1. Considering amide H positions built from the backbone, and no H for Pro or chain starts, which residues 5 or more places from ASN152, or on another chain, come under 5 Å of its amide H?
2. Classify the range 285-362 from the C-alpha gyration tensor, please: rounded if a/c falls under 1.5, else prolate or oblate depending on whether a/b exceeds b/c.
3. Filter the GluC sites (Glu not before Pro) in the range 174-211 to those in DSSP coil with at most 10 other Cβ atoms within 10 Å of their Cβ, and list the result.
4. Above 15 Å lies some portion of the pair distances; for the range 34-104, what is it as a whole percent of all C-alpha pairs?
5. In nanometres, what is the gap between the two model label sites at GLU267 and ASN185, each 7 Å from Cα along Cα-to-Cβ?
6. Taking square-rooted eigenvalues a ≥ b ≥ c of the alpha carbon gyration tensor, is the range 70-164 rounded, prolate or oblate, where a/c under 1.5 means rounded and, failing that, a/b exceeding b/c means prolate?
7. Under 12 Å from a label point 7 Å along Cα→Cβ of ARG144: give me every residue in the range 198-220 with its amide N that close.
8. Expressed in nm to one decimal, what extension gain is obtained for the pair LYS348 and ALA85 from 0.36 nm per residue of sequence separation less their Cα-Cα distance?
Amino acid sequence: MGTATQCVVLIAVVSIHQQNSGTDMNEKLILLPIQIIEQDDGVILKRGLEQVLIPDSNALLIIRVIQKALLQRPCSGDELLELFAAPARPLIGSLLEYLRKKRFLLPQHEVGAHQNDGQESAQDVFYWHFNQHQEQVAAALNQRRWLFVGVNLLNEKLLQAMLAEGLENYAVLDDPMLRNITLFNDEHQLISPFWQQQRQRFIDEDELLAGRAGAGEFGFVVAASEFGSFYLIERWNEFAVTNKMVFYPAVLQNMVGYAGPLVIPGETACFACLKARQNSHSNQFSEKRLTEKHAFAGQKVAAYHQSMMHMLAAVAQFDLLKFKTNIQWETGTLCEVDLLGGAMTRRKLLKAPRCPVCSGLATMPLVNIRKQLTPSDAWDEIRQTVGHHED
């Protein structure tokens, strides 16, 4: 349904001359929950961002009759028309058609389970704006297998949010350098209740890199860390790009959260492009990057507020959700979340021309430019062929 960015009041002028445009009047309908606001000269119907003004003094009674009938059971358009006197039916038919056009009335087979039993949440109403419901979202998330890299607090928040959306088809890889050590005891055993419940989802890194552990099933790789660093994440960017998997990083570093970029191999800039761009705009970037290599050892002195981690996890989860459900998503961007500065900035990211991961340099074959690599007898034959005898 278009971009839902502002509240728009729609005025429905219902005419008795309006036709039903081929609508099946025998199809069972359900009226989604709406707010009915009575006015002196009509009613306003409100659902989410959608508002419909019906400028008719009899509109309230008509809407109440339709609402009461559909609360009892799904009814067809013809059944609803029979509730009204014959002279009013053309007008009622036009109103029903308009409510279907605005998707306040839906065919029973298009309604999600939560909508069908009347137990809608605000999230269900949100998805309704984009012609989706929770079951469709869950199905989209589970089309391909996900890989979450890093047993840490940021990935915990992110994965919990994805599970709430219905994610089931996923695995977890415990990269030792992305571990939050507070989740393990001195014997390196998990003590976190959440991650203990995920143990059956863990896969071995060596098996994955060797092409086993269902490597071909993965379509999405998510790597996260709340103690930095870009250095610890970049190898998973290379793994995903090399294996044609979509990659998404989430890093909390120096009190700033970085969500993205969403990397689609062969199409968008990758995580290595981001590092190259940052380096080109930074003074003494080599010194700044040096500490990133020691982020794991320095996690006990990493500085961040819990709100920063929760916010970054929420932004990352929503980015992933928008991409998988085709809701206003965009690629080639990085979202910087600066809670201290009170700013969330989305930056456009272009490919780095000589990126070692995603540019043509990564796949370009080596060219033999040294004479010494060719046997001397072969060079003699070449000289005789072209008539050139210089040494």
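1. Sorted by chain and number, the residues that satisfy this are ASN180.
2. Note, shape of the range 285-362 comes out oblate.
3. GLU187
4. I get 53 percent for the Cα pairs in the range 34-104 exceeding 15 Å.
5. 4.7 nm
6. Prolate shape, in that a/c is at least 1.5 and a/b is the bigger ratio.
7. 216-220
8. Contour length minus Cα-Cα distance gives 88.7 nm.
Throughout, read-outs are computed from the coordinates displayed, never taken from laboratory work. Quantities reported herein were computed from a predicted structural model and do not represent experimental measurements. Using ideal geometry, Cβ is built from the backbone for each residue, glycine included, and neighbour counts are taken over all protein chains shown.
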